[in-house]
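This report refers to the structure that appears directly beneath it.
The values are calculated or read from the model by the stated rules, or taken from the named source; none is laboratory data. The model shown is predicted, which means the values in this text are computed figures rather than measured ones. Cβ coordinates were reconstructed from backbone atoms using ideal geometry, including for glycine residues, and neighbour counts include every protein chain displayed.
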Amino acid sequence: MAADVAGILLAAGEGSRLGQPKALVDVAGQPLAARGVELLRAGGAVPVIVVTGAAAVDLPGVITVHNPRWRTGMASSLAAGLATVPGSCTAAVIALVDQPLVGTESVSRLIAAHRAGAGVVVAAYSGQPRNPVLLARQHWPEVIELATGDSGARRFLRARPDLVTLVECGDTGRPDDIDTPADLTRIARRVAGGTGRAGGTGRAGGT
């Protein structure tokens, strides 16, 4: 039986430009945190870990870890999430709570690439690296060492391009971020209309 690959949902931010913590934002009748958990779980990640900060999140069947340093940025949340992954897991898929148009199949493709031998796998959209990102356990110390502020794993990915396997996911969804009320309105319409496919913008290399 293949070893487990964990899912980590980074959901600690306060959403300063949005005016409320993103984890609790309702999109089409479902909080963003619940949508992110569903994404990872349906894509095959086991277990799913939610890293919280500005707001508490209580969802069934997940491991919740509070990052007391959430104000310092995404890097500390990534470190907290990786530190919580059970020892039985060989890798973790990192997803961001504010990207509800990302497709479940992207997670499945990253996990499949890892099980085929890849250690660092990044979802690409029209060839551009975005989110989610899979990181094999052996790379976590370097990821954490290089991560600062809101960069997450980005500095590691840029420093070690030789390790990165890009997996095209443009047909599975979009990596658009919800940062402002206008973003929320636009993306909520796409979710409600079922049009979250192909293309889009988002934080490169995500985490």
Checked 132, 86, 68, 100 against criteria (modelled with pLDDT of 95 or more, within 22 Å of residue 38 (Cβ to Cβ) and touching a Ser or Thr at 6+ places or on another chain (Cβ under 9 Å)); the one match is 132
Here, strands (runs of 3 or more DSSP E) confined to region 18-109 with at least 1 residues that are within 12 Å of the chain's Cα centre (by Cα) are 48-52, 89-96
Being more than 21 Å from residue 170 (Cα to Cα), hydrophobic (A, V, I, L, M, F, W, C) and in contact with a strand residue (DSSP E or B) (Cβ under 6 Å, 6 or more places away or on another chain) narrows 95, 136, 113, 123 down to just 136
Requested in this report: State whether the residues of region 57-75 include one that is crowded, with 24+ Cβ neighbours inside 10 Å, β-branched (Val, Ile, Thr), in contact (Cβ under 8 Å) with a residue 12 or more places away in the chain and in contact with a helix residue (DSSP H, G or I) (Cβ under 6 Å, 6 or more places away or on another chain).
Outcome: yes
Among residues of region 40-56 being hydrophobic (A, V, I, L, M, F, W, C) and in contact with a Ser or Thr (Cβ under 6 Å, 6 or more places away or on another chain), the residue farthest from residue 2 (Cα to Cα) is 51
- [ ] Kindly establish whether residue 175 is closer than 20 Å to residue 48 by Cβ, in contact with a Phe, Trp or Tyr (Cβ under 7 Å, 6 or more places away or on another chain), modelled with pLDDT of 95 or more and not charged (D, E, K, R).
- [x] yes
query: Is it true that some residue in region 129-147 is in a loop (DSSP other than H, G, I, E, B) and at positive phi?
result: no
Here the residues within region 141-174 that are within 17 Å of the chain's Cα centre (by Cα) and without any contact (Cβ under 8 Å) to a residue 40 or more places away in the chain are 155, 156
Would you mind stating whether residue 108 is hydroxyl-bearing (Ser, Thr, Tyr), surrounded by fewer than 24 Cβ atoms within 10 Å (Cβ to Cβ) and at negative phi? yes
Residue 126 meets each of (1) surrounded by fewer than 18 Cβ atoms within 10 Å (Cβ to Cβ); (2) within 17 Å of the chain's Cα centre (by Cα) with one exception, condition (2)
